[in-house]
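Structure first, commentary second.
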Amino acid sequence: MVAHSLIVVMCTLFVLSVPIAVAIALAAIFGIQVMGAINPVIIGQQLYVSLNKFPLVAIPFFILAGNLMNTGGISRRLVDFARVIVGNTQGGLAATCVVTCMLFAAVSGSSTATTFAIGAIMIPALVAAGYPRPWAASLQATSAELGIVIPPSIPLILYGVSADVSIGELFIAGFGPGLLIGGALIAYVLIWARVTGHGKADAASGLEPWPAFRRAFFALLMPVVVLGGIYGGVFTPTEASAVAVAYALVVGIFVYRELRWRDLLPILERSVISSVIIMFIIAWAGLFAFIITREGVPMAIGNWLVANFTSPQAFLFVVIAVLLLVGMFIEAAAAIIVLAPILVPVAIALGIDPVHFGLVMIVTLAIGFITPPFGLNLFAACAVAKLPVQKIIAPTIAFIGVVTACLVAIALVPGISLALRDLLYR
């Protein structure tokens, strides 16, 4: 009864457009009051327990690293280098957007940060090259979702913490799905450009590979240092976030000299605000999860799923359908923290590798970043492109179709996620 009331209150607050973090907090407090027998002191205790996890330190550091990259000139150099790789063909500028987001994702860990950082450069460039503004914004929003799939990824860290799964294994497993989605998007935009006749001038960009590589060398070295250090055992994924900040700071100030000391305070302010929002959600979602766990909801759901879906594939597609709906209304961090502890034990009982399940879960929730009504990437891209959200919904449908096709492949073929993991960890 308490769990039902809790969920009804939370959903009602969502419908009333109460901010997600506040809605979860109010619902959790309501649940504590309804339960009655629980000492209210448990609220502060559970909030502390939810945040007292060392891997969560990586979240503010990766957010700060992304903001430093954007202001320090690293993002722009990644765009120039990506254009050399795929830009000298019809539709190449659109493909450049995808490749740049993949490169930026290899350090930032955030899809919304990728949307703002790369979109500020790519959307005006695409519009100037003759691409429709709504389509350019839609492409940027979709490409940026790779920020939570390609490691390091903040949602992968949250999943690892919530489900007690190795973050290092999750990171290495994220490469396969990330490359699959990125490759599919590149193929789609190149075919779209040929069919519609856009991007003919892209082939005449005249960019020279060696100068672009030389200018972008230190920017390209950043993901090598961060990811190489993780997989080489030099530092943990959490420590890697601090290394990313230090590297972006040194390169931005002393190498590219585009980052000024006076820029640091505004960067820190933006990073603190973004980090606090995520941490607030994590803390109250932890209390929410504590209440529903105490009420036996995870056990009941697990038993129902095991009884009704004995096939791993059927279970995965039910989870995908539920998460697609959840992702339309609830922020990915909150969804992961609340649902992962419920779903992962069921997945393991059905013989599904928790790392594979984690990638299916993350990619599914990534689609929520580009689906209305609460798709964060859509709003971020529209803010950059100066468009109302309604304008980019139509072109986004095709991109959702491409990513969904990749999701089905990732769910049905575990090797896409696990092949590299098994090679390095088994």
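The values are calculated or read from the model by the stated rules, or taken from the named source; none is laboratory data. All figures in this text were calculated on a predicted structure; none of them were measured in a lab. Positions of Cβ are backbone-derived with ideal geometry, glycine not excepted, and every protein chain shown enters the neighbour counts. Protein only, heavy atoms only, side chains kept; ligands, DNA and RNA dropped before computing areas. Shrake-Rupley method; radii C 1.70, N 1.55, O 1.52, S 1.80 Å.
Comparing Leu407, Leu221, Leu378 in a Gaussian network model of the chain, where Cα atoms under 10 Å apart are tied by springs, the biggest mean-square fluctuation is seen for Leu221. On a 0 to 90 degree scale, rounded to 10, what angle separates helix 354-367 from the longest Cα axis of the chain? The angle comes out near 70 degrees.
The trypsin sites (Lys or Arg not before Pro) of the range 203-275 meeting both criteria, a DSSP state outside H, G, I, E and B (loop) and at most 15 other C-beta atoms within 10 angstrom of the site's C-beta, are Arg257, Arg260.
Spin-label model, Leu221/His4: points 7 Å from Cα along the beta carbon direction are separated by 6.3 nm. Karplus-derived 3J(HN,Hα) values for the range 404-417, using 6.51 cos²θ - 1.76 cosθ + 1.60 with θ = phi - 60°, are 5, 4, 5, 4, 4, 5, 5, 5, 7, 10, x, x, 4, 8 Hz; glycine and proline are entered as x. Note on Phe116: accessible area approximately 100 square angstrom, rounded to 10, probe 1.4 Å, nucleic acids and ligands left out. Can you work out the FRET efficiency for the pair Lys386 and Val195, with r the C-beta to C-beta distance and R0 = 30 Å, to the nearest 0.05? After rounding, the FRET efficiency stands at 0.65.
Find how many whole Å separate the alpha carbon centroid of the range 220-250 from the alpha carbon centroid of the range 375-426. Each part reduced to its Cα centre gives a spacing of 25 Å. Each Cα pair under 8 Å and six or more residues apart adds its separation to the average, and for the chain the resulting relative contact order is 26 percent.
Measuring between their Cα centroids, the range 260-330 and the range 126-193 lie 19 Å from each other.
Each principal axis of the Cα cloud of the range 212-256 was evaluated for its coordinate range; sorted largest first, these ranges are 30, 19, 10 Å. Taken per residue, the accessible surface of the chain reaches 40 Å², heavy atoms only and a 1.4 Å probe. Note on exposure: Lys200, Lys391, Lys386, Lys53 ranked by accessible area (1.4 Å probe, complete protein assembly) read Lys386, Lys200, Lys391, Lys53, with the most exposed listed first. Fully extending the segment from Ile397 to Thr12, taken as 0.36 nm per residue of separation minus the present Cα-Cα distance, adds 135.8 nm. Per-residue SASA remark: Ile273, around 110 Å² accessible (1.4 Å probe; ligands, DNA and RNA not included).
For Ile121, the shell of other residues with beta-carbons less than 12 Å away shows a net charge of +2, using +1 for Lys and Arg and -1 for Asp and Glu.
Net charge in the neighbourhood of Phe81 (other residues with Cβ under 14 Å of its Cβ; Lys, Arg +1, Asp, Glu -1) is +3. Projected onto their three principal axes, the Cα atoms of the range 19-111 cover extents of 67, 25, 18 Å, largest first.
Taking the empirical scaling 2.2 N^0.38 Å for compact globular proteins as reference, the range 134-184 has a Cα radius of gyration ratio of 1.28.
First check a/c for the range 138-271, with a ≥ b ≥ c the square roots of the eigenvalues of its C-alpha gyration tensor; if it is under 1.5, answer rounded, and if not, answer prolate when a/b is larger than b/c or oblate otherwise. The shape class here is oblate.
For a protection proxy built on the mean count of beta-carbon atoms within 10 angstrom, sort 360-368, 40-48 highest first, please. Walk me through the numbers before you get to the answer.
Working: 360-368: 25.4, 40-48: 13.8.
Output ranking for 360-368, 40-48: 360-368, 40-48.
Based on Cα coordinates alone, diagonalise the gyration tensor for the range 345-426, multiply each eigenvalue by 5, take square roots, and list the semi-axes in whole Å, largest first.
32, 12, 11
In Å, what Kirkwood hydrodynamic radius results for the chain from the alpha-carbon pair distances? Display every interim value, and only then the final one.
Working: mean 1/r = 0.0455 Å⁻¹.
Computed over the chain, the radius equals 22.0 Å.
Modelled spin-label separation between Val127 and Trp304, with each label point placed 7 Å from Cα along the Cα-to-Cβ direction: 4.7 nm.
The Cα atoms of the range 40-168 cover 60, 28, 26 Å along the three principal axes, with the biggest extent listed first.
Short to long, the 10 Å bins of the Cα pair-distance histogram for the range 266-388 hold 12, 36, 34, 13, 5, 0 percent of all pairs. Taking every Cα-Cα distance in the range 67-130 and sorting them into 5 Å bins starting at zero, the pair-distance distribution P(r) comes out as 4, 20, 33, 25, 13, 5, 0 percent.
Quick check: net charge around Leu376, other residues with Cβ under 14 Å of its Cβ, Lys/Arg +1 and Asp/Glu -1?
On the way: positive: none; negative: Glu145, Glu331.
Here the charged neighbours net out to -2.
For the options Ser143, Ser311, Ser166, a Gaussian network treatment of the chain with springs between C-alpha atoms closer than 10 Å singles out Ser311 as fluctuating the most.
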